[in-house]
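Trainee: Right, I'll just put the structure down here and ask away after.
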Amino acid sequence: MGTALAQVELLSDDFQHDPIPTLTYHREHQPVFQAAEIPAYVLTRFEDVLAMRNQEIYSMAILKAMRGEIDGPTMIQMDKEEHARNRGLISVAFRAKVINQFAETEIIPIVEDLLAGLAGRRQVDLNEVFCEKVPFRSIARLLGLQTDSEGALSELYRDQIAFNPLQSGEEEWNRSIRARDGLTELLSPAVERTRKDPRDSFLATILRSETKGGDKLSEEELFGFLRFLLPAGLETTMSALSNAIYHFLSRPEVLELLRNDPAALNPAIEESLRWHAPISYVTRMTVQDTTVAGVDIPAMSVVLGSLNAANRDPDVFTDPDVFDPRRSPNKHIAFGVGVHTCIGAPLARATLRIAIPRLLERFPEMTISAGFEPRFSGAFDNRLTRLDVDLGPVRTA
Ligand code: HEM
């Protein structure tokens, strides 16, 4: 790796809390820099991150090497034909018809139930009581699990993500491997039930999915995909929800806009995703030598495409450091680039579009708690550590 490249501590608290000044500096002066803690190149310009969709240069092999055995065969670790086949078979379940029906029958009741449970409360950590619970319960329903399995699912999930290649060792590895087997065991009855009684559902759609030639997901691929739904969809959606609520509550003019114009909701959500991407980087390994912004990157290098840096690139976004809830066009890449672009984006958007207006309507006088000091944390998926709000005085009808 070239010695002239600057190094940035991606794991430092300050960088995690507010990476934008550092990222902006580098995007302007040295668009490729080096991570201080791991041998990785970080790309900051929109066009360079977008170019990471080129599968002839950038591969998912790094993700497979780090977590392949824990996660089993799953889309995010696959390249080219294998990826296209898996994604093709699974994408039918993320079509608008399936997601809209799921939103109506599952997400709306989950949100309303959680909001009803907050009646009479004032000071709460919204991350804990709402932002995490909405996607958790919703993904449990996607997996065909009922409320009585949620405790077991939650514990298995904690173990599943215990292993982090940067910071953990054998004990965490063993916990994650055990969680893989535990999750397969927990999910098997729901899969069997759905096979016997295939009503219209997300799970039933995947189980039915096959190509014209009769190709279907193998059992391994099916469970690999199902086990990956929580790691892919939980903290990301939680973070998107929490960030959006925080950004709206801390800008009275945006709240006002949302209250007066329902059509303002969708662009405001997109702006929040641009402003603060829940996943900080797309991670790839180069499979051939390449040159980015004048920097030679050899084959077999780890490359991190900074979504936050790209989403503030003035070559693509006018006044990128202004939070503009009406921004249009807004071609942010918080959901990634190329063939691996988030398959769950329609579900995440549906969740945000259902949860936010209902929350604001139920608690019209909600404010950020006095004295609350926001702290963003997490190297790769970055979020507010908590979101303290005052839900406002109880309203009598
Ligand atoms: C706001 C919430 C979400 C954000 C910001 C987000 C972000 C992303 C990003 C950036 C990627 C690409 C990663 C890469 O290329 O390295 C991705 C992929 C993926 N996401 Fe999401 N995601 C969200 C919600 C969800 C949900 C709710 C699900 C499913 C329940 C989901 C399932 C997936 C899957 C399966 C992939 C891999 C797709 C592939 O490899 O083809 N995501 N997501």
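Trainee: Might you let me know whether the range 43-55 holds any residue that is of a type in the set (Val, Ile, Thr) and farther than 24 Å from His332 by Cα?
Mentor: No, there is no match, as no residue in the range 43-55 is of a type in the set (Val, Ile, Thr) and farther than 24 Å from His332 by Cα.
Trainee: Another question, if that's okay. Restricting the range 259-311 to residues that are basic (Lys, Arg) and within 16 Å of the ligand (Cβ to nearest atom), which is nearest to Ile356 (Cα to Cα)?
Mentor: Going through the qualifying residues, I end up with Arg274.
Trainee: Just give me the residues in the range 1-39 being over 17 Å from Ala379 (Cβ atoms) and surrounded by 14 or more Cβ atoms within 10 Å (Cβ to Cβ), in sequence order.
Mentor: Met1, Leu5, Ala6, Thr24, Tyr25, Arg27, Gln30, Pro31, Val32
Trainee: Please determine, by comparing only the residues of the range 184-242 that are away from the ligand (no atom under 14 Å from the Cβ) and among the acidic types (Asp, Glu), which one is farthest from Val111 (Cα to Cα).
Mentor: Taking the candidates together, the pick is Asp215.
Trainee: Please return the ranges of helices (runs of 4 or more DSSP H) entirely within the range 1-83 where 1 or more residues are within 24 Å of Phe163 (Cβ to Cβ) and free of Cβ contacts under 8 Å to residues at least 12 places away in the same chain.
Mentor: 13-17, 61-71
Here's the yes/no breakdown for (1) of a type outside the set (Ser, Thr, Tyr); (2) surrounded by 15 or more Cβ atoms within 10 Å (Cβ to Cβ):
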| residue | (1), (2) |
| --- | --- |
| Ser239 | no, yes |
| Asn243 | yes, yes |
| His247 | yes, yes |
| Val254 | yes, yes |
| Asp261 | yes, no |
| Glu270 | yes, yes |
| Val295 | yes, yes |
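Trainee: Restricting to the range 353-362, give me the number of residues that are farther than 15 Å from Asn127 by Cβ and in contact (Cβ under 8 Å) with a residue 60 or more places away in the chain.
Mentor: Final tally of qualifying residues: 6.
Trainee: Taking the stated definitions as given, is Pro374 closer than 19 Å to His276 by Cα and in a loop (DSSP other than H, G, I, E, B)?
Mentor: yes
Trainee: Residues that are of a type in the set (Ser, Thr, Tyr): find the strands (runs of 3 or more DSSP E) completely inside the range 219-328 holding 1 or more of those.
Mentor: Qualifying strands (runs of 3 or more DSSP E): 281-286, 290-292, 302-306.
Trainee: Answer yes or no: is there a residue in the range 165-182 that is surrounded by 13 or more Cβ atoms within 10 Å (Cβ to Cβ) and in a loop (DSSP other than H, G, I, E, B).
Mentor: The answer is yes, given that some residue of the range 165-182 is surrounded by 13 or more Cβ atoms within 10 Å (Cβ to Cβ) and in a loop (DSSP other than H, G, I, E, B).
Trainee: When both residues are 6+ apart or on different chains and their Cβ atoms are under 7 Å apart, which pairs have a first residue that lies in the range 324-344 and is among the small types (Gly, Ala, Ser), and a second that is within 14 Å of the ligand (Cβ to nearest atom) and in a loop (DSSP other than H, G, I, E, B)?
Mentor: Note: pairs meeting the criteria are Ala334/Ala277; Ala334/Pro278; Ala334/Asn311; Gly336/Cys342.
Trainee: Now a separate question. Considering only residues that are within 15 Å of Leu229 (Cα to Cα) and either more than 7 Å from the ligand (Cβ to nearest atom) or more than 12 Å from the chain's Cα centre (by Cα) (or both), look in the range 330-346 and name the one that is surrounded by the fewest Cβ atoms within 10 Å (Cβ to Cβ).
Mentor: Taking the candidates together, the pick is Pro346.
Rule-based calculations on the coordinates, nothing more; no lab input. Please read these numbers as outputs of a predicted model, since none were measured by experiment. Ideal geometry is used to build each Cβ from the backbone, glycine not excepted, and the neighbour counts take in all protein chains shown.
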